[in-house]
Every structure is written in C-alpha cells, then in structure tokens.
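The values are calculated or read from the model by the stated rules, or taken from the named source; none is laboratory data. The structure displayed is predicted, hence computed values, not measured ones. Every residue, glycine among them, receives a Cβ derived from its backbone with ideal geometry; neighbour counts consider all protein chains shown.
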Amino acid sequence: MLAVLTALHASVAASAPAAAAIAPVAIAQYVILISVDGMGSAYLKPLLQAGLATELTTFKRLQAEGCGTLNARDDANYAITLPNHTTMVTGRGVIGATGHNWTSNTDPPAGSTLETNKGTYVASAFDVVHDHGLRSAIWSGKSKFSLYHKSYGPTTGAPDVTGADNGRDKIDYEKIIAAAPAADLAADFITQMAAAPFNFAFFHFQDPDGAGHALGWSADPASAYAAALKRVDTQIGKILDMVHDTPALNGKTTIILTSDHGGHGNTHGDTKNPLDYTIPFYVWGAGAASGRDLYSINPSTRSAPDASANPSYSGPQPVRNGDAANLALSLLGLSPVPGSTIDSAQDLVISAARPR
C-alpha cells in the first residue's frame, strides 16, 4: 500500500496547486476522522477527573498518546451541525465566494446537492481520496448527512480526471441512520474496517448533541449530557483498541478527533458564545507526537485565540475543525482539496519532526 501511495503522490505532485509547493509525505495508509456532535471543550474538562463514573478515559488517552488542543474553533460564522461538517470535509468556510455556502441544518431537499446550492461543484476529501484509487466511507447518526450521498454519488460526483477513471461515486460505503446510538455505529465501523479498511473514514457520533438539546448542555458529571459523552468515549476507546490490535492498521492509521460545536442551555449556534464555538481537536496514531499541544508544534502557522475570541478567516488563524480535510489528505500523502481555503497549504503539522 505504501508503494501505491508513493506512486499516487507522484501523480498528484505534478498538478498540485501553488499553495502546496512542498508536497506532503505519506505518514499513514488510513485516516479516521471522528466528529463528536455537540462536544464543547468546556464540558470535557470536568470529566477528566479520575474515578468518575463519567470519566473520559479514552479522551485522556488521546491527550497522553496524541497531540491536540481544547482551544480549537469551529467555523467563524456558524456554530451548527451540517455547515460545520461540510467545512470539515471540504476545507472551506461556510460563507463567501470561497465558502461551500451550505447554511441549512436540516435534511437536504430532494434534488439538492452542494453543487446545486452553490452553483459550482464543491470538491471534498472524498473526491481526492477516491480519484486516487483509494477507498472512503462515512458513518453518521443523523439523516441530514445524506447531503454527502446526494452530492458525491454516482451521477452527482465530479468526473474523475486524475489517473485511472475510478468513476463519479466518491464514497464507497455509507451508513447514515437517524438517531443511531454510538454503540451501533461503532460496531459496524469496527466490522467494516477489520474486513477491508477504508483509507479515509468519516465517523459522526450524534449522541451528545441529542442529549444537549433534550436535557441541556451541562458540566455536571452526573448529567445526561455527561453520560452521553461517556458512551461516546467508550466507543472511541473500542476504535482505538481495534486500530492497535489489528496488524494491518497498527502503526499505519491516524485518528483525527474534533467537533462541530458546543452548546449552552438546550441549544447552540451563538458565534459569540465560547461555550458554543470552543471545541477540541486531537490527533492520535501514526505520525502524531505524544502529549503535545498543537499550538506549540505550529507556532508560525496557528495562533491560540483568547477564550473570548472567535477569529474571522483573515489574520492569524486558530486550529479549526475545518483543518481536518487537508490534514487527513496530507497524512495520506495527497494534495489538498481543490478550492479549499483552510489548511490549503497543508502546514498544520502533528509532530515537530514530521517530514514535508
């Protein structure tokens, strides 16, 4: 597989955009992007205490064995689910000429795609992975994620003009089920990855967001919201164990963990409220430094924002959930998403010694 990635990288380098003047070196064969819906950083901190029934033992493992920050940001203009997840897979902000422009947070109407909404095709990490002969997949606990099936399907995905024609359907496997519990999706994910690993897997847990809307976002370790975070933490632990215990994946897989937004009361979406826009961003596995802060590893390309700041896309940038798409591609040795603006230079690194 590494030989394949090397060959693919050579074909990508010839057409790489100017922003990626120094092409990435493949670090991983597989990247798993996990988004925990509604996981605000403020609500993680109380659950890192040892001995709690809701102690986030897996999250503490990610912090110890990987690198990251609790001071990342979602989109500068939207703190809601579908716009932010679209940012995660396209590497674009939501609004503006360079944005993906998907602002709705409901199930997409019949016939609606990212392309019909914007007026031009909006490429994604799924496109780059698929068009280079690799495999991609998505798991989600919300039906609105059908947007990606609609946008990157057999007739809606862009023609593959990179190397061999792998067809227009950019996503090889999909499991999108409304209100799917964390354990159910994780079990299917583990089964599928053990049988035939996907090079880029996008996994979405809906549980904490559901608990927040129903019973409130809460820092109380005994709250329903904390219990939902613990259920997800347990399932992420199973995913980490699967990677570690599977020879085909161990040492060849990187996990990126982030969120779309936090919340306050029973809602979210306030781009002026730190409880809504402050999220975690962690990287674990192949290529990731242990126990390091992402801002300390990236002092010249990322700037830690003040707690009360939600920076615009001009000026110094924080680590954002939108960094995920091009970081994932960089780890796979692939160039950035065409048209992307977040980490389009692929300069977010996860180890001070990481080759470029």
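With the condition kept exactly as written, say whether any residue in the stretch 102-116 is outside any loop (DSSP other than H, G, I, E, B) and either touching a strand residue (DSSP E or B) at 6+ places or on another chain (Cβ under 6 Å) or within 26 Å of Leu257 (Cβ to Cβ) (or both). I'd like the intermediate steps shown before the answer.
So the first thing to find is which residues in the stretch 102-116 are outside any loop (DSSP other than H, G, I, E, B), and the list is 114-116.
Applying the additional criterion that residues be either touching a strand residue (DSSP E or B) at 6+ places or on another chain (Cβ under 6 Å) or within 26 Å of Leu257 (Cβ to Cβ) (or both) yields 114.
For the stretch 102-116, residues outside any loop (DSSP other than H, G, I, E, B) and either touching a strand residue (DSSP E or B) at 6+ places or on another chain (Cβ under 6 Å) or within 26 Å of Leu257 (Cβ to Cβ) (or both): present.
Can you tell me which residue in the stretch 268-284 is farthest from Ala76 (Cα to Cα), limited to those that are surrounded by fewer than 22 Cβ atoms within 10 Å (Cβ to Cβ) and of a type outside the set (Asp, Glu)? Reasoning before the result, please.
So in the stretch 268-284, the residues surrounded by fewer than 22 Cβ atoms within 10 Å (Cβ to Cβ) come out as 269-275.
With of a type outside the set (Asp, Glu) added as a condition, the list becomes 269, 271-275.
Values: Gly269: 11, Thr271: 7, Lys272: 10, Asn273: 12, Pro274: 12, Leu275: 14 Å.
That would be Leu275.
What do you reckon, is His100 crowded, with 22+ Cβ neighbours inside 10 Å and without any contact (Cβ under 8 Å) to a residue 24 or more places away in the chain?
Criteria met by His100.
Listed here are the residues, each with its yes/no results for (1) among the hydrophobic types (A, V, I, L, M, F, W, C); (2) farther than 24 Å from Ser335 by Cα.
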{"site": "Thr116", "(1), (2)": "no, yes"}
{"site": "Val122", "(1), (2)": "yes, no"}
{"site": "Ser146", "(1), (2)": "no, yes"}
{"site": "Ala158", "(1), (2)": "yes, no"}
{"site": "Asp169", "(1), (2)": "no, no"}
{"site": "Pro181", "(1), (2)": "no, yes"}
{"site": "Ala194", "(1), (2)": "yes, yes"}
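Among the numbered conditions (1) surrounded by fewer than 24 Cβ atoms within 10 Å (Cβ to Cβ); (2) of a type outside the set (S, T, N, Q); (3) at pLDDT 95 or above; (4) touching a Pro at 6+ places or on another chain (Cβ under 6 Å), tell me where Ala20 comes up short.
If we test Ala20 against (1) surrounded by fewer than 24 Cβ atoms within 10 Å (Cβ to Cβ); (2) of a type outside the set (S, T, N, Q); (3) at pLDDT 95 or above; (4) touching a Pro at 6+ places or on another chain (Cβ under 6 Å), just (3) comes out false.
With the checklist (1) out of contact with any Phe, Trp or Tyr (no Cβ under 9 Å at 6 or more places or on another chain); (2) more than 27 Å from Val243 (Cβ to Cβ); (3) hydroxyl-bearing (Ser, Thr, Tyr) in hand, flag the one item Thr54 doesn't pass.
Unmet for Thr54, out of (1) out of contact with any Phe, Trp or Tyr (no Cβ under 9 Å at 6 or more places or on another chain); (2) more than 27 Å from Val243 (Cβ to Cβ); (3) hydroxyl-bearing (Ser, Thr, Tyr): (2).
Among the residues of the stretch 314-342 satisfying the criterion of being over 18 Å from Ile32 (Cβ atoms) and touching a strand residue (DSSP E or B) at 6+ places or on another chain (Cβ under 8 Å), which is surrounded by the fewest Cβ atoms within 10 Å (Cβ to Cβ)?
Pro318
May I ask you to say which residue of Ala228, Ala187, Ala222 is out of contact with any His (no Cβ under 7 Å at 6 or more places or on another chain), within 30 Å of Thr267 (Cβ to Cβ) and either without any contact (Cβ under 8 Å) to a residue 60 or more places away in the chain or surrounded by 15 or more Cβ atoms within 10 Å (Cβ to Cβ) (or both)? Let's see the steps before the verdict.
Numbers: Ala187 fails: within 30 Å of Thr267 (Cβ to Cβ); Ala222 fails: either without any contact (Cβ under 8 Å) to a residue 60 or more places away in the chain or surrounded by 15 or more Cβ atoms within 10 Å (Cβ to Cβ) (or both).
Answer to the check: Ala228.
Can you report the number of residues in the stretch 175-222 which are within 17 Å of His261 (Cβ to Cβ), among the small types (Gly, Ala, Ser) and outside any helix (DSSP H, G or I)?
3
I need every pair where a residue in the stretch 193-212 that is aliphatic (A, V, I, L, M) has its Cβ under 7 Å from the Cβ of a residue that is in a loop (DSSP other than H, G, I, E, B), sequence separation at least 6 or different chains.
Pairs that qualify, where the first residue is aliphatic (A, V, I, L, M) and the partner is in a loop (DSSP other than H, G, I, E, B), are Ala194/Thr246.
Among the residues of the stretch 165-196, write down those that are within 20 Å of the chain's Cα centre (by Cα) and among the hydroxyl-bearing types (Ser, Thr, Tyr).
Answer for the stretch 165-196, where residues must be within 20 Å of the chain's Cα centre (by Cα) and among the hydroxyl-bearing types (Ser, Thr, Tyr): just Tyr173.
Filter the stretch 46-69 for residues that are assigned to a helix (DSSP H, G or I) and among the aliphatic types (A, V, I, L, M) and give the result. Full working, then the answer.
Going through the stretch 46-69, the residues assigned to a helix (DSSP H, G or I) turn out to be 46-48, 57-65.
Answer for the stretch 46-69, where residues must be assigned to a helix (DSSP H, G or I) and among the aliphatic types (A, V, I, L, M): Leu47, Leu48, Leu62, Ala64.
Kindly indicate the residue of the stretch 244-267 that is β-branched (Val, Ile, Thr) and crowded, with 24+ Cβ neighbours inside 10 Å and also nearest to Ala325 (Cα to Cα) among those meeting that condition. Reasoning before the result, please.
Taking the stretch 244-267 as the starting set, the residues that turn out to be β-branched (Val, Ile, Thr) are 246, 253-256, 258, 267.
Filter once more, keeping what is crowded, with 24+ Cβ neighbours inside 10 Å: 253-256, 258.
On the way: Thr253: 15, Thr254: 13, Ile255: 12, Ile256: 10, Thr258: 12 Å.
Going through the qualifying residues, I end up with Ile256.
Among the residues of the stretch 317-340, are any modelled with pLDDT under 95 and not polar (S, T, N, Q)? If you could, list the steps in order and put the result at the bottom.
At the first step, the residues of the stretch 317-340 found to be modelled with pLDDT under 95 are none.
Scanning the stretch 317-340 turns up no residue that is modelled with pLDDT under 95 and not polar (S, T, N, Q).
For the stretch 142-164, check the following and say yes or no: at least one residue is within 22 Å of Leu56 (Cα to Cα), under 17 Å from the mean Cα position of the chain (by Cα), buried (at least 24 other Cβ atoms within 10 Å of the Cβ) and of a type in the set (Phe, Trp, Tyr). So that I can check it myself, show each step before the final result.
Pass one, the stretch 142-164, residues within 22 Å of Leu56 (Cα to Cα): none.
Scanning the stretch 142-164 turns up no residue that is within 22 Å of Leu56 (Cα to Cα), under 17 Å from the mean Cα position of the chain (by Cα), buried (at least 24 other Cβ atoms within 10 Å of the Cβ) and of a type in the set (Phe, Trp, Tyr).
Pull out all pairs, ordered by first then second residue, where Cβ-Cβ is under 7 Å, the residues are six or more apart or on different chains, the first lies in the stretch 335-356 and is of a type outside the set (Lys, Arg), and the second is surrounded by fewer than 16 Cβ atoms within 10 Å (Cβ to Cβ) and modelled with pLDDT of 95 or more.
Thr341/Thr98; Asp347/Thr301; Leu348/Thr301
Could you please find all residues in the stretch 70-84 being out of contact with any Ser or Thr (no Cβ under 8 Å at 6 or more places or on another chain) and either part of a helix (DSSP H, G or I) or crowded, with 24+ Cβ neighbours inside 10 Å (or both)? Break it down stepwise before answering.
So the first thing to find is which residues in the stretch 70-84 are out of contact with any Ser or Thr (no Cβ under 8 Å at 6 or more places or on another chain), and the list is 80-81, 84.
Scanning the stretch 70-84 gives Thr81, Asn84.
Pairs please, first residue from the stretch 245-259 and among the hydrophobic types (A, V, I, L, M, F, W, C), second anywhere and surrounded by 20 or more Cβ atoms within 10 Å (Cβ to Cβ) and in a loop (DSSP other than H, G, I, E, B), Cβ atoms under 8 Å, 6+ apart in sequence or on different chains.
Ala248/Pro197; Leu249/Pro197; Ile255/Gly66
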